[in-house]
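The block underneath contains the structure these notes are about, expressed in structure tokens.
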Amino acid sequence: MLVISEEDARVLVSVESAIAAVEKTFAAMARGEARNYPVVREVVGYQDAVFGVKTGCDTSAPILGLKAGGYWPHNLAKGLTNHQSSTLLFDPETGRASALVSANYLTGVRTGAASAIATKYLSRPDSTVLGIIGTGAQSAYQLRATLAVRPIRKVYAWDPSLENIATFGRIVAELGLEYAPQTDCQAVAVNADILITVTPSQRALVEKSWVRAGTHVSAMGADTKGKQELDPALVASAALFVDETAQAITIGECQHAYNAGLITAQSLRGSIGEVIAGFCDGRRTAQEITLFDGTGVALQDLVVADLALRLAAELGLGSRVEY
Ligand SMILES: NC(=O)c1ccc[n+]([C@@H]2O[C@H](COP(=O)([O-])OP(=O)(O)OC[C@H]3O[C@@H](n4cnc5c(N)ncnc54)[C@H](O)[C@@H]3O)[C@@H](O)[C@H]2O)c1
């Protein structure tokens, strides 16, 4: 078994390679060749932690495994990030464990990849202005992934933490982009060609009337029951795409419009995998508001870990363990 550290994973998996790998597995999901198994997510009752296990198999690759981890809110004081996760890959031929991969960086890069794929297929190609609501750990991944697919020149951002807005501003400046931090969400939403929401909010931050015709929205923050970033009326009126329908209507941004009876599973235009595979239309007109509800599926985690495994084996990185 190969053990791949956090440092090695960073070196091995680039934004571009993660986008290509996730795009492939989204398409395999649409063709019925890849499947995410039921998610376990529980409040631990110790250290205020939330722990979960996401698992699945892409038979087209083939890739089999699980990502386990969650959120430990007191970690920062211990010099660790609050989100901690590890991926265990298995040889699909035999079921033997083949790799243990540190998945903190990989979770960020695969989440950025999901929204960038949605942006690539759904946003207007001439989109140059990015709006980001939430400038925490995920925001830099979202920014870098979006830059890989669209010619972004200016970035509007809002966050309740002034410190996080400033930290994010330094990354935006390092990338040579114009930065426009805002004191409210509305100013971010009205100016964006591409709007990304990536906060743990439990109430709507963006109202329907603020989002211009032709905008693409990637709602990335809601991945648990109760989390919400958008006005359900915006969700109900947009051309709606998801990573996985079952997750979107139960733990994703769609849960609120779904529970309020504003949408049904049939209201979705499709999954992003169906768009990639050519099974359904993406954006139909320049005026449409497209919305991607990215809840985060196991296969995203597994394909980036598999990429790290294959490259580590090729380059002689990682530690081999007899077990
Ligand atoms: N969809 C996915 O695949 C996926 C993957 C990873 C993380 N997430 C989710 O994305 C969200 C952000 O993750 P992160 O790692 O950047 O977290 P983080 O804690 O590093 O950052 C969150 C940011 O949101 C701000 N914030 C906190 N509470 C807020 C509120 N009520 N309203 C608005 N802003 C608020 C904070 O100031 C912070 O800057 C979380 O909900 C996380 O679970 C989703």
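The table below lists the values:
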item	result
Restricting the range 141-164 to residues that are touching a residue at least 40 places away in the same chain (Cβ under 8 Å), among the aliphatic types (A, V, I, L, M) and open to solvent by less than 20 Å² (accessible area, probe 1.4 Å), the residue that is farthest from the ligand (Cβ to nearest atom)	Ile152
Test: residue in the range 273-285 that is under 17 Å from the mean Cα position of the chain (by Cα) and outside any helix (DSSP H, G or I)	no
In the range 118-140, residue most open to solvent (accessible area, probe 1.4 Å) [restricted to those that are touching a helix residue (DSSP H, G or I) at 6+ places or on another chain (Cβ under 7 Å) and more than 12 Å from the ligand (Cβ to nearest atom)]	Tyr121
Residue ID - nearest to Glu288 (Cα to Cα), chosen from residues in the range 184-197 that are among the β-branched types (Val, Ile, Thr) and away from the ligand (no atom under 13 Å from the Cβ)	Ile194
Of the criteria (1) under 25 Å from Gly95 (Cβ atoms); (2) among the aliphatic types (A, V, I, L, M); (3) not in a helix (DSSP H, G or I), which one Leu262 fails	(1)
Pro160 vs. criteria in a loop (DSSP other than H, G, I, E, B), assigned by TED's automatic domain parsing to the domain that holds Arg284, at pLDDT 95 or above and under 28 Å from Tyr46 (Cα atoms)	yes
Exclusive hit being away from the ligand (no atom under 16 Å from the Cβ), of a type outside the set (Val, Ile, Thr), touching a residue at least 12 places away in the same chain (Cβ under 8 Å) and not in a loop (DSSP other than H, G, I, E, B), set Ala233, Ala248	Ala233
Hits in the range 23-54 (condition: under 30 Å from Trp72 (Cβ atoms) and acidic (Asp, Glu))	Glu42, Asp48
Count of the range 106-117 residues which are open to solvent by 10 Å² or more (accessible area, probe 1.4 Å) and of a type in the set (S, T, N, Q)	2
Close pairs (6 angstrom Cβ cut-off, 6 or more residues apart or separate chains): free of Cβ contacts under 8 Å to residues at least 60 places away in the same chain in the range 125-136, within 14 Å of the ligand (Cβ to nearest atom) and among the small types (Gly, Ala, Ser) anywhere	Thr135/Ala157
Filter pass, Pro200 being in a loop (DSSP other than H, G, I, E, B), near the ligand (Cβ under 9 Å from one of its atoms) and not charged (D, E, K, R)	yes
Any hit, the range 82-97, residues being of a type outside the set (Gly, Ala, Ser), in a helix (DSSP H, G or I) and open to solvent by 10 Å² or more (accessible area, probe 1.4 Å)	no
Qualifying residue in the range 102-117 (condition: more than 30 Å from Ala187 (Cβ to Cβ) and in a loop (DSSP other than H, G, I, E, B))	yes
Yes/no for Lys208 being modelled with pLDDT of 95 or more, away from the ligand (no atom under 16 Å from the Cβ), surrounded by 16 or more Cβ atoms within 10 Å (Cβ to Cβ) and more than 23 Å from Cys254 (Cβ to Cβ)	no
Residue list for the range 36-71, filter: in a loop (DSSP other than H, G, I, E, B) and at pLDDT 95 or above	Tyr37, Val44, Gly45, Tyr46, Gln47, Asp48, Ala49, Thr59, Ser60, Ala61, Pro62
Scan of the range 211-221 for residues that are surrounded by 17 or more Cβ atoms within 10 Å (Cβ to Cβ), more than 10 Å from the ligand (Cβ to nearest atom) and outside any strand (DSSP E or B), ordered by number	Val211, Gly214, Thr215
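A quick yes/no check of all residues on (1) open to solvent by less than 70 Å² (accessible area, probe 1.4 Å); (2) under 26 Å from Arg150 (Cβ atoms):
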site	(1), (2)
Thr25	yes, yes
Ala28	yes, yes
Ala34	yes, no
Pro38	no, no
Gly45	no, no
Asp48	no, no
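The values are calculated or read from the model by the stated rules, or taken from the named source; none is laboratory data. Keep in mind that what you see is a predicted model, and the values were worked out from it rather than measured. Don't worry about glycine lacking a Cβ; one is built from the backbone with ideal geometry, like all the others, and counts go over all protein chains shown. Side chains are part of the model used for accessible areas, which takes the heavy atoms of the whole protein and leaves out ligands, DNA and RNA. Shrake-Rupley method; radii C 1.70, N 1.55, O 1.52, S 1.80 Å.
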